[in-house]
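The values are calculated or read from the model by the stated rules, or taken from the named source; none is laboratory data. Since this is a predicted model, take the numbers as computed values, not measurements. Heads up, the Cβs are rebuilt from the backbone with ideal geometry, glycines too, and the neighbour counts pull from every protein chain shown.
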Amino acid sequence: MSPLLISVMVILSCTRSLMPLKICPNCGHIAVPYPLSTGPDCGDQLYKVRCNAGLLWLDALNGSSYMITSINPLNQQLIIRPPGFTNNACIAADYGSQGIELNSNLRFNISGSNTVLILNCSNDILTKPYNCSSSSICHSYIRDNAVAQAACGNLPICCWLKTGGSVNEYRIRVREGRCAAYLSFVNLDMNLPVSKWPEPGVEIDWAFPQEPVCNALRDCKDLLNSMCLPDPASLVQKRCLCKAGFQWDPINGICQSLKCSNRRGCKHRKSKTPVMGGLAIAGVTLLLGIILVTVKVYKQSHHSNKEIEFSLMRAQKDISKANNSGRLARIYNSKEIKKATNNFSSDNLVGSGGFGEVFKGILDDGTITAVKRAKPGNTKGIDQILNEVRILCQLNHRSLVKLLGCCIELEQPLLVYEFIPNGTLFDHLHRARSGKWPPLTWHHRLHIAHQTAQALAYLHLLATPPIYHRDIKSSNILLNEKLDAKVSDFGLSRLAVSDASHVTTCAQGTLGYLDPEYYLNFQLTDKSDIYSFGVVLVELLTSKKAVDFNREETEVNLVVYYGKILKEERLMDVIDPMLKEGASKMELQIMEAFGLLAASCLEERRQNRPSIKEVADEIERIISVLTSAQIKLDT
């Protein structure tokens, strides 16, 4: 094939990759960006809005509807206008539908940027965690706003609250016996006088859209450069996933060519230079590029051994500086390790993952160790081993597995850890019936959760720079004889850049535990670990696996199944029966609180998930309540 023809194909592929899924037509003069949908044949049906008489509306449940006043597609946000008062009375115009209640089957939720004033309240509201004091800003608003003064001026109880972050953050509720009216303001600066407050509004977030669902290849005809493949996030459905060389762009609804990451280079441009001349230059440039790439690949293969050698030398330097509990980590020689593991005998193999194997070893001084090595010929495994050296050399925490040293004399580098003899959390939760692992009590499960949260808090908050584990799961939480938790396997971990809110990296992790936002946009944050930890919390509560093909098709993915259970308000039904047996009313309430905490960690939008410190503190509070109740019973 001639270089000229190749260059033409490259230009066409860049242009075709920018053809989006069908965007809905304007509503009057208002643009309707993807993924918002005003009809069945455009946009994404999980993002339905309504066009009526040149205005956009968001339909909520119970027959209420709210005008959309602004849309920000880059931030995935829109603002709706609350209805105000009815007939100059201190009653919300949507009181009949009990305020705003979004359809949780759609991908919208109320953001955390709203300050809500709730008015005309009964005494019952005083039991809620809202600011209902005499100095609350709601009183200032009623006093200084003429409309509010006329409607609500003689009513004594009002409160204010911030939205966002709750499991049930799909509604702003008014009802009989609580509060009858509300107003909401987006990004309100409460230091401003009331006269300078913005117009009332409720900010709504939408989650990044996923690739379209499909059953066959023909369903993907509108998304160029995609194929109908199994969805790695849910395992039970197919999606139009972008082909190799293309990446899903959820903002524009296209499979973006990686060759055209600068989109301006993918668009047609007017030029006075003849087209054929430009194509010829492009052909020559492409041919030169192919030659350079070929030379580079040759050099890389020729020097790969030197690069590995350099990495091993750097690992030796890193670990020689490591300090674990006041003593330097050791550099072991190959003779010691081979003797300790009986030359890596299969009888000593205690674990195996995608990239590495773990052997039990006994050193000459009697120390029992776990020796981890990359599988022979697996360069990714070598990379992960070296990454663990880099990460673990900086860490020292009682709930993190301790690195004793390494050996770099053999073909595959080796890591030597303290040996944790009592299996993994996965073993105890999901293999207890084998008889080898006794079932965990509720008390033990809470302490394992708390110790794991403390380990993550250390990684996120005290390590410098912060460290994101990226593969939190029950099989990476080891348990010692006392059932204390030890977080292990830092092969996928990443150091956070100090001046950035996220690390951009190819999505890696374990299906069933992988943060959906990380999977969609490749932006790794501390909240990615929070999501994975949330799955572990659900495992602790239910004793169900994160992914289990022996369950019903709709229940294969534990997070999807758990979300369905919560929507149906059947949380108690999914709790491990062994935990509920003989439990007191207080213990059952604590289990329910634990389950809601897990659900908050699994919020689709990472902004709505709690921090690891908040999670650790809440688990500590739960343990404290349980302990206090037990002391009262004993006395």
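Pull up the range 187-236, narrow it to residues that are of a type in the set (Phe, Trp, Tyr) and either surrounded by fewer than 18 Cβ atoms within 10 Å (Cβ to Cβ) or within 29 Å of VAL547 (Cβ to Cβ) (or both), then point me to the one that is modelled with the highest pLDDT.
Step one: filter the range 187-236 for residues of a type in the set (Phe, Trp, Tyr), giving 197, 206, 208.
So of that shortlist, the ones also either surrounded by fewer than 18 Cβ atoms within 10 Å (Cβ to Cβ) or within 29 Å of VAL547 (Cβ to Cβ) (or both) come out as 206, 208.
Details: TRP206: 87, PHE208: 82.
Result: TRP206.
Output the residue which, of all residues in the range 66-108 that are touching a Pro at 6+ places or on another chain (Cβ under 6 Å) and surrounded by fewer than 19 Cβ atoms within 10 Å (Cβ to Cβ), is modelled with the lowest pLDDT. For the range 66-108, the residue satisfying everything is PRO73. Cβ-Cβ contacts under 7 Å between residues 6 or more apart (or on different chains), taken from a first residue in the range 144-165 that is touching a residue at least 40 places away in the same chain (Cβ under 8 Å) to a second residue that is acidic (Asp, Glu), are listed as THR163/GLU169.
Restricting ILE472, ILE448 to those that are at pLDDT 90 or above and in a loop (DSSP other than H, G, I, E, B) reduces the list to ILE472. In a residue-by-residue description of the range 544-561, the property of being buried (at least 19 other Cβ atoms within 10 Å of the Cβ), modelled with pLDDT of 60 or more and among the small types (Gly, Ala, Ser) applies to at least one position.
Of the numbered criteria (1) touching a strand residue (DSSP E or B) at 6+ places or on another chain (Cβ under 8 Å); (2) over 28 Å from ALA148 (Cα atoms); (3) of a type outside the set (Ser, Thr, Tyr), the one ASP94 fails is (2).
Only one entry of PRO209, PRO200 meets the criterion of being over 28 Å from the mean Cα position of the chain (by Cα), part of a loop (DSSP other than H, G, I, E, B) and closer than 19 Å to LEU102 by Cβ, and that entry is PRO200.
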